[in-house]
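Chemist: Sharing a structure below in C-alpha cells format, with a few things to ask.
The values are calculated or read from the model by the stated rules, or taken from the named source; none is laboratory data. Just so it is clear, the structure is predicted and the values come from calculations on it, not from any experiment. Glycine gets a Cβ as well: all are built from the backbone with ideal geometry, and neighbour counts include every protein chain shown.
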There are 2 protein chains.
Amino acid sequence: MTKRSVNIGLCGLGTVGQGVIELLAEGGDVLRTRVGADIALRHCATRTPKPEINTLGATESRDVFAVAQDPEVDVLVELIGGTTVAKDLVVAALEQGKHVVTANKALLAEHGETLFALAEAKGLTLRFEAAVAGGIPIIETVKSSLATNHVTSVAGIINGTGNFILTEMAAKGREFADVLEEAQALGYAEADPTFDVDGTDAAQKLVLLASLAFGQRIDVASVFKQGVDSVSPTDIDYARELGFCIKHLGIAKRQGSAIELRVHPTLIPKSKAIAQVDGVLNAVMINASGVGELLLVGPGAGSRPTASAVTADIAAIALSIAKGDQPSALNMGIPLAYFSTASIVDIDHVSSSWYLRLEAEDTPGAMAAITQCLSERDIGIASLIQKLDSPDVQRVPVVLLTDNASTAAIASAMKAIEALPSVGGQVTSLRVEYF
Amino acid sequence: MTKRSVNIGLCGLGTVGQGVIELLAEGGDVLRTRVGADIALRHCATRTPKPEINTLGATESRDVFAVAQDPEVDVLVELIGGTTVAKDLVVAALEQGKHVVTANKALLAEHGETLFALAEAKGLTLRFEAAVAGGIPIIETVKSSLATNHVTSVAGIINGTGNFILTEMAAKGREFADVLEEAQALGYAEADPTFDVDGTDAAQKLVLLASLAFGQRIDVASVFKQGVDSVSPTDIDYARELGFCIKHLGIAKRQGSAIELRVHPTLIPKSKAIAQVDGVLNAVMINASGVGELLLVGPGAGSRPTASAVTADIAAIALSIAKGDQPSALNMGIPLAYFSTASIVDIDHVSSSWYLRLEAEDTPGAMAAITQCLSERDIGIASLIQKLDSPDVQRVPVVLLTDNASTAAIASAMKAIEALPSVGGQVTSLRVEYF
C-alpha cells in the first residue's frame, strides 16, 4: 500500500515559503532515496501573485482554502502567519483529512489546544518544529530523544532580534534604541518590533516548548515578561566586570507540581556555553532527569534555516505515508487525554540570585544601611562592587549580586533601599541564573 | 494488531545497563502513556552475576546468546562492548528477527557494513544513538531533523576524557601526564587510556557520524589521528593569548566529491560557543546546506546520559511496534544500495590555518629567514607573537598563526625553518579552525 508520490500544498510564499521550495528542489534526489517516494509540490497559494517564484509546476491559487480543499494534497504547509485566517486554514485542512506542518508559534500558543485536539481526533499529524527556535531541532529532541526523561527545566535564547540587540550593545557599548533602529534596517526586527522587544514572541515559543516538555496545557497570558529594553549598556558593563553576560531568556522550570514561566534579561556566567551565543542565533538549554543538561544552538530564523525545520517535518510525514503507515497523531508526545492544566507559580514566589545597581553616598554608614535592608529580609550578598569616583561626586555607583531571593523579597528590599537618605534614585534589578 | 507489551532483552549490566534499568523503571508511567504499551524488561544477561541489581522481574541469564534466542524478546539491547562476542550477539539477534539497540561505536565502526546490511535485509531496526556523543541526540538530528539538508561538515568534541584533560591543563597550567593520572583516578579514563589519548575512540565515533551524514561507507583506518597528548600547557597559554582555546576535535568535511577525516588538537576562536565546552562534556557542530550551523552540547558518557539515548531508541522502536507498524529499517537514513564508498583526502592535501611555535634568535635577520621559509611556500602570516625575554637568553619564543596552508606545505616549511641556524630545536605545529 505504499504511495509513489506525497503531495504538498504550500500556503504562503514569503521568505520561509520560498526556502521550502528551494530545499524541496535541491533535496529532491536525496529525499526520494530517503523517503522512498517523490515529495511533490502540488499546490501553492499566496494572496499576492509572485510570478518571479518557480513553484516547480504546482497549481497556483490566490485562495489558501483552495489548497485545503484540493483532494490531491496530502500535507498542508501553513506559512501565512497570524492567528485568524491561519486558524481557519489549519482547521479546514484537518477537517479534510490532511496532515499539517506549521511554523506559526502565535497560532499554536493561542489556539493550540483546539488544533491539537482536532488533529488527534482525526488521527492526523500536526507538526511544528519550525515554530520554536527556527532551524534548531528542539521539538523533535524533546518529543523523541528525551522520551524517557522527565524534563525539569528549559531555558532559551528564543528571540533572535533581542539577542542581536544585546550582542551589539555589549560589543560596542551602544544604547538599546540605537541598535533597534539598525536591526530594523537590517531586516532582523519588524517595522513594529513590539513583540520582539517586550517578550511576547519569546513567551509564545516558551509556552509551546514547556507544554510539550511538561505535558501540560499552558495559558500564554501566564508568562511573566520583562522586555529586552530594560537592559542598559551600564548594566552590561558591570555584569561583564562580575564575570557575566546578559541574555534575554525564556525560562520554564518545575517547582514541585507547579511551573515557573518567565521571559526576562538574565545574567549568566560567562563560562557557560550559552553565554557565548551571539547575534541572531538562538539556543535552548534543557535539564532532564536522564541526560542532565543539553544545549542546542543554531539559527532561530531566516528563510533556509526555518525551511530546514519545515521540510524535516514534511519528510517525516512523507516517510510514514510512503511506508504505508499512518503518520503518528501523538503531536504533543502523549495523548491529550493525559494532559493536565499547568499550575503557574506567581512571579512573586519565583526565586533567583539578583543583580542590583544603585547610587549611594561613599560612606561606611550608607553601605551598612543598604546591607541591612537586605539582611532584614534574609537576602545574602554574594559580591559587591563599589566604584570610588572622584571626591567631588556626591554619590558613587554600587553594584551587588545577591544570593537566592524571591521576587517579592527583592521588591521589598529595593523599596526600603530607595527610601534611604544616603541612596539616590531608583535601584535597577536583573535576575541572575547559574544553571 | 497493536501489541500491549514490548519486551526488552538487555545484554550487559555495567554502568550503562544499570542506567537503562533505572530510566525504564522511573519512566514506566510516562512511557506507557507515550508508547501506548508497556516496555517490559523481559530478559537480562551478564557474565558476572550481579545480585545487587534489581532487574524488574526479568529472566536472568549468564549467557547473552540466551537473550538473542528468547522468543519473547522484541528488542535486544547490546551493552557488552567489544567487537567479537558483541558482533556475534548482534548477528544472532538479527537472525532471530529482533530489533537491536547498541551503544557500541567500536563494533559499528569495525563491522557496521555487515551489521547494517543484515538488519536491512531482515527489515529490522538497528539503532545506535548512544554510540556517538552519549546523551546528545546527534544521530537522530542528522537522520531526521536534517533530512532535507546536504551536510557539508561535522566537527565535534567526541571524547570526554580528552576534553577533561585539556580543560584541566588550561585551567591549572598542569601537564598532560599529571592530569591523565587524575582522570584515571576519577574514573573518566580507562586503566588503559590509549584509545582516548591517541584518538582511536574519537575516530570510531567520527566514522559513524560521517558515514550517516554523507551516506558513504568509510574505513576507520582512513582517519588521520593526532593524539591529545601532543598539547602542552605552553601551547594552551599562547593560544589563549592569541584569542583561542585548544580542543581535541574529530572533523569530517566535504572537499569536492571526497571527504576529509581527521582527529587532532585544534585551536578554535574563544568567541565560538564550542570553545566554551569544558570538562567531560561533548559537543558536535554541523554545517548543512539548509540550516547553516548547528551546535549540540551535552554529556558524552556516564550511566544515565548514555542510558537516556539507549532508552530513546528503545522507545522509538516500541512506539512503532505498539502502533502496529513495522519499525523502520532505514538505519542509516537511506537504503544501503545508495551508499557509495567514500574517497578520503590524503592528509597532505588537507588545508587549514596553523599555529607554529619555535625558538629563534632575537634578531631582525632571524625573523626574516623564518618568514621567508613560509612565503616561499605561499603561506601567509596572520599574527605573530615574539617574546622579549631577558637579554642573557640566546633564543626567544616565536609564535605564529598562518593563513590557509596544506599539511604538506607546512611540513616542508617547518623542515626549512628547523634547518635555519638562527632557530633552535623543533617547530611545534597545531591546526587552527575558524568554522
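Chemist: Report yes if some residue within region B:1-16 is among the aliphatic types (A, V, I, L, M), closer than 30 Å to residue A:120 by Cβ, facing chain A (nearest Cβ under 9 Å) and out of contact with any strand residue (DSSP E or B) (no Cβ under 6 Å at 6 or more places or on another chain); otherwise report no.
Modeler: no
Chemist: Identify all residues within region B:214-244 that are under 30 Å from residue B:143 (Cβ atoms) and either among the β-branched types (Val, Ile, Thr) or part of a strand (DSSP E or B) (or both); write none if there are none.
Modeler: B:216, B:217, B:218, B:220, B:223, B:224, B:225, B:228
Chemist: Output the number of the condition that residue B:255 fails; it satisfies all remaining conditions of (1) away from chain A (no Cβ under 14 Å); (2) out of contact with any helix residue (DSSP H, G or I) (no Cβ under 9 Å at 6 or more places or on another chain); (3) over 21 Å from residue B:176 (Cβ atoms).
Modeler: In the conditions (1) away from chain A (no Cβ under 14 Å); (2) out of contact with any helix residue (DSSP H, G or I) (no Cβ under 9 Å at 6 or more places or on another chain); (3) over 21 Å from residue B:176 (Cβ atoms), residue B:255 misses (2) alone.
Chemist: Now a separate question. Scan region B:258-299 for residues that are within 7 Å of chain A (Cβ to nearest Cβ), surrounded by fewer than 24 Cβ atoms within 10 Å (Cβ to Cβ), within 30 Å of residue B:169 (Cα to Cα) and in contact with a Lys or Arg (Cβ under 8 Å, 6 or more places away or on another chain) and jot them down.
Modeler: B:276 - this is the single residue of region B:258-299 that is within 7 Å of chain A (Cβ to nearest Cβ), surrounded by fewer than 24 Cβ atoms within 10 Å (Cβ to Cβ), within 30 Å of residue B:169 (Cα to Cα) and in contact with a Lys or Arg (Cβ under 8 Å, 6 or more places away or on another chain).
Chemist: Select from region B:329-352 the residues that are among the hydroxyl-bearing types (Ser, Thr, Tyr) and either in contact with a His (Cβ under 8 Å, 6 or more places away or on another chain) or surrounded by 19 or more Cβ atoms within 10 Å (Cβ to Cβ) (or both) and list them in ascending order.
Modeler: B:352
Chemist: Let me ask something additional. Could you say whether any residue in region B:153-175 is in contact with a strand residue (DSSP E or B) (Cβ under 8 Å, 6 or more places away or on another chain), within 14 Å of chain A (Cβ to nearest Cβ), farther than 30 Å from residue B:116 by Cα and in a loop (DSSP other than H, G, I, E, B)?
Modeler: Scanning region B:153-175 turns up no residue that is in contact with a strand residue (DSSP E or B) (Cβ under 8 Å, 6 or more places away or on another chain), within 14 Å of chain A (Cβ to nearest Cβ), farther than 30 Å from residue B:116 by Cα and in a loop (DSSP other than H, G, I, E, B).
Chemist: Of the residues that make up region B:376-390, is at least one buried (at least 19 other Cβ atoms within 10 Å of the Cβ) and within 30 Å of residue B:210 (Cβ to Cβ)?
Modeler: yes
Chemist: Condition (residue is more than 14 Å from chain A (Cβ to nearest Cβ), among the hydroxyl-bearing types (Ser, Thr, Tyr) and touching a helix residue (DSSP H, G or I) at 6+ places or on another chain (Cβ under 7 Å)) applied to region B:382-392: is it met by at least one residue?
Modeler: Looking for residues that are more than 14 Å from chain A (Cβ to nearest Cβ), among the hydroxyl-bearing types (Ser, Thr, Tyr) and touching a helix residue (DSSP H, G or I) at 6+ places or on another chain (Cβ under 7 Å), one finds none in region B:382-392, hence no.
Chemist: In region B:33-59, what count of residues is obtained for those that are surrounded by fewer than 18 Cβ atoms within 10 Å (Cβ to Cβ) and either out of contact with any strand residue (DSSP E or B) (no Cβ under 8 Å at 6 or more places or on another chain) or not small (Gly, Ala, Ser) (or both)?
Modeler: Residues meeting the conditions: 12.
Chemist: For region B:183-204, does any single residue satisfy the condition of being within 14 Å of another protein chain (Cβ to nearest Cβ), buried (at least 24 other Cβ atoms within 10 Å of the Cβ) and closer than 30 Å to residue A:308 by Cβ?
Modeler: Scanning region B:183-204, I find no residue that is within 14 Å of another protein chain (Cβ to nearest Cβ), buried (at least 24 other Cβ atoms within 10 Å of the Cβ) and closer than 30 Å to residue A:308 by Cβ, so the answer is no.
Chemist: Count, please, the residues in region B:273-299 that happen to be touching a Ser or Thr at 6+ places or on another chain (Cβ under 6 Å) and hydrophobic (A, V, I, L, M, F, W, C).
Modeler: Selection size over region B:273-299: 1.
Chemist: Next question. Every residue in region A:300-323 that is within 7 Å of chain B (Cβ to nearest Cβ), buried (at least 24 other Cβ atoms within 10 Å of the Cβ) and closer than 23 Å to residue A:210 by Cβ, please.
Modeler: Of everything in region A:300-323, those that are within 7 Å of chain B (Cβ to nearest Cβ), buried (at least 24 other Cβ atoms within 10 Å of the Cβ) and closer than 23 Å to residue A:210 by Cβ turn out to be A:305, A:312.
Chemist: Would you check if residue A:76 is within 14 Å of another protein chain (Cβ to nearest Cβ), buried (at least 16 other Cβ atoms within 10 Å of the Cβ) and either on the phi < 0 side of the Ramachandran plot or in a helix (DSSP H, G or I) (or both)?
Modeler: In short, no.
Chemist: Residues to consider are B:55, B:33; find the one that is within 14 Å of chain A (Cβ to nearest Cβ) and over 30 Å from residue B:117 (Cα atoms).
Modeler: Only one candidate qualifies: B:33.
Chemist: Exactly one of these conditions fails for residue B:30: (1) free of Cβ contacts under 8 Å to residues at least 12 places away in the same chain; (2) surrounded by fewer than 18 Cβ atoms within 10 Å (Cβ to Cβ). Give me its number.
Modeler: It is condition (2) that residue B:30 fails.
Chemist: Where residues in region B:149-164 are at pLDDT 95 or above and among the β-branched types (Val, Ile, Thr), which of them is surrounded by the most Cβ atoms within 10 Å (Cβ to Cβ)?
Modeler: Taking the candidates together, the pick is B:158.
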